[in-house]
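A short write-up of the structure that comes next.
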Amino acid sequence: MTNPPRGGPVEPEPPLTSPSLDPVDWDAYRVEAHRLLDAVLDEIRDVAAGPAWRPLPDDIKAGFAAPLPQDGEPIAAVWAQCRDTVMPYGVGNRHPRFLGWVHGAGTVGGMLGELAAAGLNANLGGRDHAPVYLERQVVAWFRDLFGFPETAAGLLVTGTSTANLIGVTVARTAAAGPRVRQHGVAGLRLVGYASDQVHGCVAKAFDITGLGRDALRLIPTDRNFRIEIPALQAAIAADRRAGFQPFLVVGCAGTVNTGAIDPLPQLADLAAAEGLWFHVDGAFGGLVRLAPALAPLVAGIERADSLAFDFHKWLHVPYDAGGILVRDGALQVATFGGRAPYLAGADGGTAGGEPWFCDLGIDLSRGFRALKVWFTLKEHGARRLGAKIADNCRLAAYLAARVIAAPDLELAAPVPLNIVCLRYVAPDDARDGDALNAAIVVELQRRGLAVPSTTVLERRLAIRVNITNHRTQAADLDLLVRAIQAIGRELTGRAEGAPIGE
Ligand SMILES: *Cc1c(COP(=O)(O)O)cnc(C)c1O
């Protein structure tokens, strides 16, 4: 049926055959594509020679306010703008002296995996195609690495924030039954527990699931920033007395502040005794399972009911890629499964391939994240990736020793893994130490020398050096120490004017 013409002159219809969005001149396009790839490869090769961070100039910032383009331009022009206004102004996490927050450094092979995935343009929500089998293989590799049984399920997600949300959501189903999906959580008095060092995304998961942030009880930690088991037991007992229903305990395998690892076997025992779901946030720390000498640090992780972890941090898979594993795979399906008729599976044909990933998580349409993970693992192998993790921890110990030996630096926390929190101390200076250390960090970043971040430990600000970086060497940390000391002297008016450099 065609619509009857309305009043006014009738526009001629465009022809039903029109060019696709593919290149008109493939050969010319290929030349531009190779140029782009070469430029990106050169950049990564030469990354250490540039600054660790470069502030974005105001005129370039203003350029991002340009309106929606109505007409296209040649791909070479598009790339030229990206090359000039975006590529030089990344956050810096490819640089060997990017040591802030917990960022992976990326790999060239991972980038190629991403390129191939984009070329294939697969949708991993489900159905019967090779990418689904490849993602299942990646999930199985990590299921085995973490000592989960074959009945476990899992999938790749954007990152540990989403993985934790999935873990909390499955735990909710386990506690309240699948009917909670119909009735919601109103009227339930579910409460969960984690240490006061737990990542903020866990509280966000409580918020999103409707349990509310208050339902996540933050338990005090000991001098090593590990959860206090007696305090946890007391909190559970008090909640039960008050009529709440404890349902979940979250263990940290590597806290974001200091890399502290909760006593996972004790948490597993307690969860079993109390009938709680045991979820572990192993965003980066869980990956020490790949380093034989460090793996015992996270013993007990294999007892988790669910485990969240990232590929884009300590495995350096290009952003974004995280994973979730659930011991009882059926419960994960009971939490997220169920499809409308337009998504029905079939015994044969494209709509086969059960189980579908969309029944294990939030998204229906899903990208082929697994390919860049697969590329990374195939290219470097678990052994080498584990060795780089161990190297990072040895570098952290090296930095900690330098801090302890320096009269004007102090260690702000123990260093169990790869994170060193420290403070610059000016003994004869009345200045607020928090403001001084914050200013040192900004100066380090502004000058492109290094990018540590800050955190607050026991109400005092600390310079936080996180080493999840396969490019960082001891010399980078030597430079960092010298630069902190020099800028500290400068800001407290005791500068000797010595240039900071390599
Ligand atoms: C980074 C991190 C998260 C959040 O993970 P994303 O991948 O950034 O979503 C959660 N927990 C810990 C311990 C982390 O380090």
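Observations on the model:
- One residue alone among Lys378, Lys372 is open to solvent by 30 Å² or more (accessible area, probe 1.4 Å), closer than 21 Å to His129 by Cα, modelled with pLDDT of 95 or more and not in a strand (DSSP E or B), and that residue is Lys378.
- In the set Ala52, Ala39, Ala65, only one residue is outside any loop (DSSP other than H, G, I, E, B) and among the small types (Gly, Ala, Ser); that residue is Ala39.
- Index of the failed condition, Ala186 passing every other in (1) within 16 Å of the ligand (Cβ to nearest atom); (2) not in a helix (DSSP H, G or I): (1)
- Some residue of the stretch 149-166 being surrounded by fewer than 18 Cβ atoms within 10 Å (Cβ to Cβ), more than 16 Å from the ligand (Cβ to nearest atom) and not charged (D, E, K, R): yes
- Meets criteria (more than 27 Å from Pro296 (Cα to Cα), of a type outside the set (Ser, Thr, Tyr), touching a strand residue (DSSP E or B) at 6+ places or on another chain (Cβ under 9 Å) and outside any helix (DSSP H, G or I)) for Leu156: no
- Some residue of the stretch 124-146 being away from the ligand (no atom under 16 Å from the Cβ), within 30 Å of His199 (Cβ to Cβ), outside any helix (DSSP H, G or I) and open to solvent by 20 Å² or more (accessible area, probe 1.4 Å): no
- Filter pass, Ala351 being more than 16 Å from the ligand (Cβ to nearest atom), surrounded by fewer than 20 Cβ atoms within 10 Å (Cβ to Cβ) and closer than 21 Å to Asp128 by Cβ: yes
- Residue that is farthest from the ligand (Cβ to nearest atom), among those in the stretch 292-322 that are in contact with a Pro (Cβ under 8 Å, 6 or more places away or on another chain) and open to solvent by less than 20 Å² (accessible area, probe 1.4 Å): Gly300
- Boolean, Arg327 is away from the ligand (no atom under 12 Å from the Cβ) and farther than 21 Å from Gly126 by Cβ: yes
- If the condition is being closer than 21 Å to Leu99 by Cβ and either more than 10 Å from the ligand (Cβ to nearest atom) or open to solvent by less than 10 Å² (accessible area, probe 1.4 Å) (or both), then the stretch 255-281 contributes Thr255, Thr258, Gly259, Ala260, Ile261.
- Exactly one residue out of Arg289, Arg241 is away from the ligand (no atom under 16 Å from the Cβ) and open to solvent by 10 Å² or more (accessible area, probe 1.4 Å), and it is Arg241.
- Residue check, Ala105 away from the ligand (no atom under 16 Å from the Cβ) and open to solvent by less than 40 Å² (accessible area, probe 1.4 Å): no
- Leading residue by the ranking (nearest to Ile362 (Cα to Cα)) among those in the stretch 191-217 that are under 20 Å from the mean Cα position of the chain (by Cα) and in a strand (DSSP E or B): Ala194
- Considering Ile404, Ile467, the condition of being in contact with a strand residue (DSSP E or B) (Cβ under 9 Å, 6 or more places away or on another chain) and open to solvent by less than 10 Å² (accessible area, probe 1.4 Å) is satisfied by Ile467 alone.
- Contacts under 6 angstrom Cβ, first residue in the stretch 191-203 being aromatic (Phe, Trp, Tyr), partner part of a strand (DSSP E or B) and at pLDDT 95 or above, 6 or more apart: Tyr193/Arg217; Tyr193/Ile219; Tyr193/Val249
- Test for Ala413: is it of a type in the set (Gly, Ala, Ser) and over 18 Å from Val91 (Cβ atoms): yes
The values are calculated or read from the model by the stated rules, or taken from the named source; none is laboratory data. Fair warning: this is a prediction, and the values are worked out from it, not measured in the lab. Here the Cβ is made from the backbone with ideal geometry for all residues, glycine too, and neighbour counts use every protein chain on show. Just so you know, the surface numbers come from the protein's heavy atoms only, side chains and all, with ligands and any DNA or RNA stripped out. Shrake-Rupley method; radii C 1.70, N 1.55, O 1.52, S 1.80 Å.
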